[in-house]
Amino acid sequence: MSSGDTVQQADFSQLRRTGTFVLQVDGVGQSYPFRISPDVYHSAFIDTLRSYTLQRANFVIDDPLTGLYHGLAHMQDAEAAMYFSDEFYREGQTLDMLGGWYDAGDFGKYTTPGAITVAQLLLAYEWAPETFTQGQMLFPAEVAEAAGDTELPDLLVETQWKLDWLLKMQRPDGAVYHKVSGAEWPSMETRPEEDDQTRYVYGMSTYGTGMFAGVMAMAARLYEPFDPTYSEQLLTAAKDAFQYLEANPEPYFREDENQNSGSGPYDKHEDAEERFWAAAELFKTTGDARYERYLTEHLPTYFSEQPELIGWLNGLALGHWAYLTAEHPDPSLREQVNQAFLDAADAILEQVEGDGYNTALTPDQYTWASAKNTVALGNLLLMANALSPNEAYENAALDQIHYILGRNATGYSYLSGSGAQQVQNVHHRTWNATGVYIPGLLVGGPNNHPGGDPLQQALIEDGTVPPAKAYLDELESYSTNEYAIDYTAPVVFALAYFSTFDRSMPGEDSTDGP
């Protein structure tokens, strides 16, 4: 077992009373207090949504709910310098890269985790738009004022902040730059407004261009009822990115010397999954058969490829889902995708049911972002459940929420602001420099793989710490205790799911769910 623990489970499914309870076991001890209520996940859901507003770059944050305040920061992004020369800009030329969210505990802004994050938030909205309303994110006054008089639900107001930045990252030929950051890591005591170093535009990749195309095509159909002009801008950007991919069929990842000296690499040197996602989203949004033909001519084996968890390393599951829910997919190809999804779900379910903590992770999957990955695996079960209703899928997906909230081998809730033993020392510069506890941030969780931070390496070096316990709630343990926007994204999706009762396939008229 991943934890080395002997685990016994208590079943409270027959309990119909609400309230706060503890479990007392003679000779063992007493559990943490736990609450039973229909709205038990609501505060965590709102916290995770609000975390994105509190990650805004180039924006005054003055949040009365958390006490978080910082002034305008990294306004030098208005003149971010090209780190290299390409066909369109020379090295040192400046571009306006204001906007977006800080990616994680650092102040970098990255295309690929940004795109995969927005995609999962938009997917949650597409599944159950009634779950997302105006006013629910309790925007600070400055954010509400900037949003103005809008009909958009709060979630779409916030994702537009990131989408607008992503649009700035696109070159005239449709390709997309990789990231914007400084050349050095600021100290952990650095407030956002104190980091005055030059900011650079780094890199370009075909896999990032594919992710960009996928999320822009998805966003185009969701914003269309509110703002057709903006929707058309998003769709044009998606088509331009896809056209670049068609003209450049080989994977490409540009990496210049020292471009990672002050920011994360997010390097990937293949791009088939992201090309599939891009084409499938464009097919779903436009109905244009040429995008389906691209899939059948260039990526035919990926219809039957089992999807992996949604993340910046792999967008295939989003492509599969887009194809499955498109208006007129080829029936035989749709069946291939459907079966691939169900096969992946059955493998995840087998792992969950064989684990004492009902965790979706196998022993070798306790890596960077393991907490995010277990929820993302659970979300594949929710998607499979929509394809073929199975109560076991749904229950196993909920188990992954239980895992991150503290039902795990360490007892920690890896989601700040939730649970009895909450993470306290998140590797996050704004958190540390301001001294403000920020709720709704999912940290990486246990990691027993080599190549982590020095504290993590010291913890695992003698090989005696079980994978599920290779975690440190310490500021400097960035490989186990850093937050990132793409870590929290699958949590938003899962919590949104469990706050609504309609489990029918998106787009179906039926309200009968499992």
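Can you say whether Asp271 is open to solvent by 50 Å² or more (accessible area, probe 1.4 Å), in contact with a Leu (Cβ under 9 Å, 6 or more places away or on another chain) and within 18 Å of Ala213 (Cα to Cα), as far as the supplied structure shows?
No, not satisfied.
Residues that are on the phi > 0 side of the Ramachandran plot and open to solvent by less than 40 Å² (accessible area, probe 1.4 Å): does the range 89-102 have at least one?
The answer is yes, given that some residue of the range 89-102 is on the phi > 0 side of the Ramachandran plot and open to solvent by less than 40 Å² (accessible area, probe 1.4 Å).
I need every pair where a residue in the range 283-309 that is open to solvent by 40 Å² or more (accessible area, probe 1.4 Å) has its Cβ under 6 Å from the Cβ of a residue that is part of a helix (DSSP H, G or I) and of a type outside the set (A, V, I, L, M), sequence separation at least 6 or different chains.
Between residues of the range 283-309 that are open to solvent by 40 Å² or more (accessible area, probe 1.4 Å) and residues that are part of a helix (DSSP H, G or I) and of a type outside the set (A, V, I, L, M), the close pairs are Tyr302/Phe276; Ser304/Gln336; Gln306/Asp343.
If you check Ala360, Ala326, which single one turns out to be aliphatic (A, V, I, L, M), modelled with pLDDT of 95 or more and either surrounded by fewer than 17 Cβ atoms within 10 Å (Cβ to Cβ) or farther than 30 Å from Leu405 by Cα (or both)?
The conditions single out Ala326.
Of the residues in the range 429-459, how many are surrounded by fewer than 21 Cβ atoms within 10 Å (Cβ to Cβ) and β-branched (Val, Ile, Thr)?
Filtering the range 429-459 down to residues surrounded by fewer than 21 Cβ atoms within 10 Å (Cβ to Cβ) leaves 432-437, 439, 449-451, 453-455, 457-458.
If we keep only those that are β-branched (Val, Ile, Thr) too, we end up with 434, 436.
Summing the residues that are surrounded by fewer than 21 Cβ atoms within 10 Å (Cβ to Cβ) and β-branched (Val, Ile, Thr) in the range 429-459 gives 2.
Answer yes or no: is there a residue in the range 333-349 that is open to solvent by less than 40 Å² (accessible area, probe 1.4 Å), aromatic (Phe, Trp, Tyr), within 30 Å of Asn448 (Cα to Cα) and under 22 Å from the mean Cα position of the chain (by Cα).
For the range 333-349, residues open to solvent by less than 40 Å² (accessible area, probe 1.4 Å), aromatic (Phe, Trp, Tyr), within 30 Å of Asn448 (Cα to Cα) and under 22 Å from the mean Cα position of the chain (by Cα): present.
Could you pull out the residue among Glu246, Glu224 that is of a type outside the set (A, V, I, L, M), under 24 Å from the mean Cα position of the chain (by Cα) and open to solvent by 60 Å² or more (accessible area, probe 1.4 Å)?
Testing whether each residue is of a type outside the set (A, V, I, L, M), under 24 Å from the mean Cα position of the chain (by Cα) and open to solvent by 60 Å² or more (accessible area, probe 1.4 Å) leaves just Glu224.
With respect to Glu145, is the statement that it is among the charged types (D, E, K, R), buried (at least 22 other Cβ atoms within 10 Å of the Cβ) and assigned to a helix (DSSP H, G or I) true?
no
Looking at Met97, is it under 30 Å from Gln136 (Cβ atoms) and of a type in the set (A, V, I, L, M)?
Answer is yes for this residue.
Would you confirm whether any residue within the range 108-123 is over 23 Å from Gly264 (Cα atoms), of a type in the set (A, V, I, L, M, F, W, C) and either open to solvent by less than 20 Å² (accessible area, probe 1.4 Å) or not in a loop (DSSP other than H, G, I, E, B) (or both)? Steps first, answer last, please.
Keep residues of the range 108-123 that are over 23 Å from Gly264 (Cα atoms), which gives 122-123.
Keeping just the survivors that are of a type in the set (A, V, I, L, M, F, W, C) gives 122-123.
From what's left, either open to solvent by less than 20 Å² (accessible area, probe 1.4 Å) or not in a loop (DSSP other than H, G, I, E, B) (or both): 122-123.
So far as the range 108-123 goes, yes, one or more of its residues are over 23 Å from Gly264 (Cα atoms), of a type in the set (A, V, I, L, M, F, W, C) and either open to solvent by less than 20 Å² (accessible area, probe 1.4 Å) or not in a loop (DSSP other than H, G, I, E, B) (or both).
Would you tally the residues in the range 392-427 being surrounded by fewer than 24 Cβ atoms within 10 Å (Cβ to Cβ), touching a residue at least 40 places away in the same chain (Cβ under 8 Å) and in a helix (DSSP H, G or I)?
Here the count works out to 6.
For the range 152-256, give me every one of the helices (runs of 4 or more DSSP H) that falls completely inside it and has 1 or more residues that are more than 30 Å from Leu68 (Cα to Cα) and aromatic (Phe, Trp, Tyr).
Fully inside the range 152-256 and qualifying: 206-223, 228-247.
Out of everything in the range 59-69 that is in a loop (DSSP other than H, G, I, E, B) and touching a strand residue (DSSP E or B) at 6+ places or on another chain (Cβ under 8 Å), what residue ends up being surrounded by the fewest Cβ atoms within 10 Å (Cβ to Cβ)? Walk me through how you get there before you give the answer.
Here is the first cut: in the range 59-69, the ones in a loop (DSSP other than H, G, I, E, B) are 59-60, 63-68.
Filter once more, so that each one left must be touching a strand residue (DSSP E or B) at 6+ places or on another chain (Cβ under 8 Å): 60, 63, 68.
Values: Val60: 16, Asp63: 20, Leu68: 19.
Looking at residues that are in a loop (DSSP other than H, G, I, E, B) and touching a strand residue (DSSP E or B) at 6+ places or on another chain (Cβ under 8 Å), I get Val60.
Yes/no per residue for (1) assigned to a loop (DSSP other than H, G, I, E, B); (2) touching a residue at least 24 places away in the same chain (Cβ under 8 Å); (3) of a type in the set (Val, Ile, Thr); (4) in contact with a strand residue (DSSP E or B) (Cβ under 7 Å, 6 or more places away or on another chain):
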residue	(1), (2), (3), (4)
Leu459	no, no, no, no
Asp462	yes, no, no, no
Val465	yes, no, yes, no
Asp473	yes, yes, no, no
Tyr483	no, yes, no, yes
Ala489	no, yes, no, no
Phe493	no, yes, no, no
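Among the candidates Thr296, Thr285, single out the residue that is under 25 Å from the mean Cα position of the chain (by Cα) and either among the basic types (Lys, Arg) or assigned to a helix (DSSP H, G or I) (or both).
Thr285
Has the range 46-58 got any residue that is part of a strand (DSSP E or B), at pLDDT 90 or above, of a type outside the set (A, V, I, L, M) and under 30 Å from Arg199 (Cα atoms)? Lay out the reasoning, then the answer.
To start, the set of residues in the range 46-58 that are part of a strand (DSSP E or B) comprises 56.
Restricting the remaining residues to those that are at pLDDT 90 or above gives 56.
Filter once more, keeping what is of a type outside the set (A, V, I, L, M): 56.
Checking the rest, the ones that are also under 30 Å from Arg199 (Cα atoms) come to 56.
For the range 46-58, residues part of a strand (DSSP E or B), at pLDDT 90 or above, of a type outside the set (A, V, I, L, M) and under 30 Å from Arg199 (Cα atoms): present.
Given the conditions (1) in a loop (DSSP other than H, G, I, E, B); (2) among the β-branched types (Val, Ile, Thr); (3) in contact with a helix residue (DSSP H, G or I) (Cβ under 8 Å, 6 or more places away or on another chain), and given that Thr430 satisfies all but one, which numbered condition is not satisfied?
So Thr430 meets the others, but not (1).
Does Ala124 fit the bill of being within 21 Å of the chain's Cα centre (by Cα) and modelled with pLDDT under 95?
No; evaluated as a whole, the condition is false for this residue.
Please indicate, with yes or no, whether at least one residue in the range 172-190 is open to solvent by 40 Å² or more (accessible area, probe 1.4 Å), modelled with pLDDT of 95 or more and either of a type in the set (Ser, Thr, Tyr) or touching a Ser or Thr at 6+ places or on another chain (Cβ under 7 Å) (or both). Lay out the reasoning, then the answer.
Kept after step one, since they are open to solvent by 40 Å² or more (accessible area, probe 1.4 Å), are these residues of the range 172-190: 172-173, 184-185, 187, 189.
Okay, now just the ones that are also modelled with pLDDT of 95 or more, so 172-173, 184-185, 187, 189.
Add one more test, that the residue is either of a type in the set (Ser, Thr, Tyr) or touching a Ser or Thr at 6+ places or on another chain (Cβ under 7 Å) (or both), and what stays is 184, 187.
Yes: one or more hits.
Among the numbered criteria (1) over 21 Å from Glu189 (Cβ atoms); (2) of a type outside the set (D, E, K, R); (3) assigned to a loop (DSSP other than H, G, I, E, B), which single criterion is violated by Leu72?
Leu72 satisfies every listed condition except (1).
Mind listing whichever residues of the range 77-107 are part of a helix (DSSP H, G or I) and more than 27 Å from the chain's Cα centre (by Cα)?
Glu79
Let me confirm something: among Gln160, Gln233, which residue is open to solvent by 10 Å² or more (accessible area, probe 1.4 Å), farther than 24 Å from Glu255 by Cβ and within 20 Å of the chain's Cα centre (by Cα)? Steps first, answer last, please.
Working: Gln233 fails: within 20 Å of the chain's Cα centre (by Cα).
Going through Gln160, Gln233 in turn, the sole match is Gln160.
Can you name the residue in the range 363-378 that is open to solvent by 10 Å² or more (accessible area, probe 1.4 Å) and part of a helix (DSSP H, G or I) and, of all such residues, is farthest from Ser477 (Cα to Cα)?
Leu377
The values are calculated or read from the model by the stated rules, or taken from the named source; none is laboratory data. Note that the structure is predicted; figures quoted are calculated from it, not measured. For neighbour counting, all protein chains shown are included, and Cβ atoms are generated from backbone atoms with ideal geometry for every residue, glycine included. We work out accessible area using only protein heavy atoms, side chains counted, and drop any ligands, DNA or RNA first. Shrake-Rupley method; radii C 1.70, N 1.55, O 1.52, S 1.80 Å.
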